[in-house]
Amino acid sequence: MHPDSRRFSQTVTNAVNRYLSHFVASNPAVTMAVLTSNDGFEIAAQPANRASTQRLAAMSSSMRALSDALVVEAGMSKCRTLLIESEAGAIVVFGIANTEPSMSLAVVASASNPLGHTLWACRNCCSLLEDVLKSG
Amino acid sequence: MAADQELKIVFTGPMGAGKTTAIRAISDLPPVSTEVINSDKETHAKSTTTVALDYGQLVLDGGTTVNLYGTPGQERFSFMWEILCRGALGVVLLIDASSETAMADFRTFIEYFRRIRYDQPFVIGVGRHLSQDGYHLEEYAKELSTHEIVAPLFEVDVRHREDVLLLVQTLLCVLEAQVVEASHAS
């Protein structure tokens, strides 16, 4: 758990957990969603209290940083979203704008739903998280 | 080492030991870096931290290309240690002697990288050794001998190109000596 998670007020922490919980519950294809700091700490996760979410937080932050380096190498400005597809599903890492510390949402989704639908739901969840974290 | 040969070595060590700085000091190419803002100042005061890898390249006088990979320092990124060690010929372990946890870090990295490969060739660079409270080189050497590891140990300042080159060239000598030894044994 990130030491900075104590920094957020209880109201913000509750709102983040509520949004993540609602996001996972209303998107059956989503099996895991982890809000992570860019230096690899889990800030919040659904399902909560699993060792695998901490590992996903660290791995997704590494992948995000590598994607940033690749995007710079290709002469583009900044990586916004990272999408990894497998036969069984997809992993998406969305950058969340204007937060302190910088954060991403890592989502694991099975192939049971169209990927476009999952991406759309992820984007909506990120907007909500961005609003609540800015206020925190 | 033969000309036009390509080698891979890994720089590792705890956060703040100077892995990114070392690769920057000797890379012939602009290094690839994956540094982000460090949000855990309670553990380490450093402003940034590497979360995936550093990558640089050094071409030696004989034409041998040495690919230089730096690992993240924190154990939560240990999955990267294993990934980056694939195909690597040896490890440069950097230790910050001024850190309170220097000896524990030393043990952790020696043990972990030996689990990845039991006969892992190491070269050790101990930085910031002028700190009065820090361990002396002999104490690191003693620790190596308790693990039955024979590895060259140097005091270094990784901001200095010559110091980092010394570590790399020593590692290459160790590797060459192993090849000669193996050919004599067969």
### Task
Kindly rank B:13-26, A:76-89, A:36-49 from highest to lowest mean number of other beta carbons found within 10 Å of each residue.
B:13-26, A:36-49, A:76-89
#### Entry: Cα-centred dipole magnitude for the protein assembly as shown, charges only on beta-carbon of K, R (+1) and D, E (-1), debye, nearest 20
1260
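What stretch of chain B, leaving out the sites themselves, is the longest with no GluC sites (Glu not before Pro) in a DSSP loop having at most 12 other Cβ atoms within 10 Å?
Free of exposed loop sites, the longest segment is B:43-99.
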### Task
Could you check the simple spin-label distance between B:S183 and B:H44, using points 7 Å along Cα→Cβ, in nm with one decimal?
4.0
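In debye to the nearest 20, how big a dipole does segment B:1-103 give about its Cα centre with +1 on each Lys and Arg Cβ and -1 on each Asp and Glu Cβ? Walk me through the numbers on the way to the answer.
Values: 7 positive and 12 negative charges, 22 e Å.
For this selection, approximately 100 debye.
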### Given charges at beta-carbon only (K, R positive; D, E negative), |dipole| of segment A:3-135 in Debye
280
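Based on other C-beta atoms within 10 Å, arrange B:V36, B:V174 from fewest to most. Write out the running numbers ahead of the final one.
Numbers: B:V36 22, B:V174 17.
Lowest count first: B:V174, B:V36.
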### Task
Compare the Cα positions of A:S37, A:S135, A:S104 along the charge dipole of chain A (+1 at Cβ of Lys, Arg; -1 at Cβ of Asp, Glu; about the Cα centre) and return the one farthest towards the positive end.
A:S135
### Query
Of the residues B:D163, B:D119, B:D61, which exhibits the maximal mean-square fluctuation in a Gaussian network model of chain B defined by a 10 Å Cα contact cut-off?
B:D61
### Task
Straight distance only, please: which lysines reach the Cα of B:K46 with their own Cα at less than 18 Å, same-chain residues fewer than 8 apart left out?
B:K19
### Query
Can you tell me the Rg and Dmax of chain A, counting just the alpha carbons, in angstroms?
14.0, 41
#### Entry: For segment B:54-114 and segment A:24-70, distance of Cα centres in Å
25
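No value in this document is a laboratory result; all are computed from the given coordinates. As the structure is a prediction and not an experimental result, all values here were calculated from the model. Reconstructed Cβ throughout: ideal geometry from the backbone, glycine too, with neighbour counts over all protein chains shown.
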